[in-house]
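The values are calculated or read from the model by the stated rules, or taken from the named source; none is laboratory data. Everything quoted here is computed from the prediction, not taken from an experiment. Don't worry about glycine lacking a Cβ; one is built from the backbone with ideal geometry, like all the others, and counts go over all protein chains shown.
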Amino acid sequence: MRAVPGTVDVSGRAWISPNAEAQATLIDWAFQHGTPGRKLLLETERGAVSGQRGEGTEHVSDNAHFEGDMLVAQSTDKIEGQLVHAERRYVVDASGVVHVAMLVCTGQGEWLSSCEAAQQTLSPGVDAVAIPDDADRGLTPYQLGRITGMICGAGVLAWLVWRFARSQR
């Protein structure tokens, strides 16, 4: 993601349950692209949701809405029979940088429930500033979001392959 145009900072962490039945992936991404507005955030989210789709992926649901000046988004997909729940929070800071906090929960069992509970407390960690309703940026925010979604989808797929290989031992 560091190579994505406009990226200011990115960090990520992944946790796998002891029985390898569930995984949590946390990504914090900051990028700058023109004058951010609600339209830019929604287009970026639309790209993130479509970027998670690929061969063997079934889209279940998605939702995005504003809570004040923070875009709160969720999506659920099924990849090779495993549910993938993603929560994303988008805010813009005073310098115009967009901050995205994303927590993706995959798998099953009690550990997955704990991950999903953690999603409800997800925060980008910066104070949001008021943003305009429109900032016409064409498809670029969509493309940025799509790249993000594809990276998350690839991470989930890698975990599924690792889990399958482990079960064949």
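Among the residues that make up the stretch 62-70, is at least one of them modelled with pLDDT of 90 or more, touching a Phe, Trp or Tyr at 6+ places or on another chain (Cβ under 8 Å) and farther than 19 Å from Leu112 by Cα? There is at least one residue in the stretch 62-70 that is modelled with pLDDT of 90 or more, touching a Phe, Trp or Tyr at 6+ places or on another chain (Cβ under 8 Å) and farther than 19 Å from Leu112 by Cα. Does the stretch 48-61 contain any residue that is surrounded by 22 or more Cβ atoms within 10 Å (Cβ to Cβ), of a type in the set (D, E, K, R) and not in a strand (DSSP E or B)? The answer is no; no qualifying residue exists.
Among the residues making up the stretch 63-116, a single one is of a type in the set (Lys, Arg) and in contact with an Asp or Glu (Cβ under 6 Å, 6 or more places away or on another chain): Lys78.
Of all residues assigned to the stretch 85-101, none qualifies as being in contact with a strand residue (DSSP E or B) (Cβ under 8 Å, 6 or more places away or on another chain), among the charged types (D, E, K, R), part of a strand (DSSP E or B) and more than 23 Å from Thr44 (Cβ to Cβ). Of the candidates Leu112, Leu103, the single residue that is under 16 Å from Ala24 (Cα atoms), surrounded by 20 or more Cβ atoms within 10 Å (Cβ to Cβ) and modelled with pLDDT of 90 or more is Leu103.
Within the stretch 15-29, is even one residue surrounded by 14 or more Cβ atoms within 10 Å (Cβ to Cβ) and out of contact with any strand residue (DSSP E or B) (no Cβ under 9 Å at 6 or more places or on another chain)? No, that holds for no residue.
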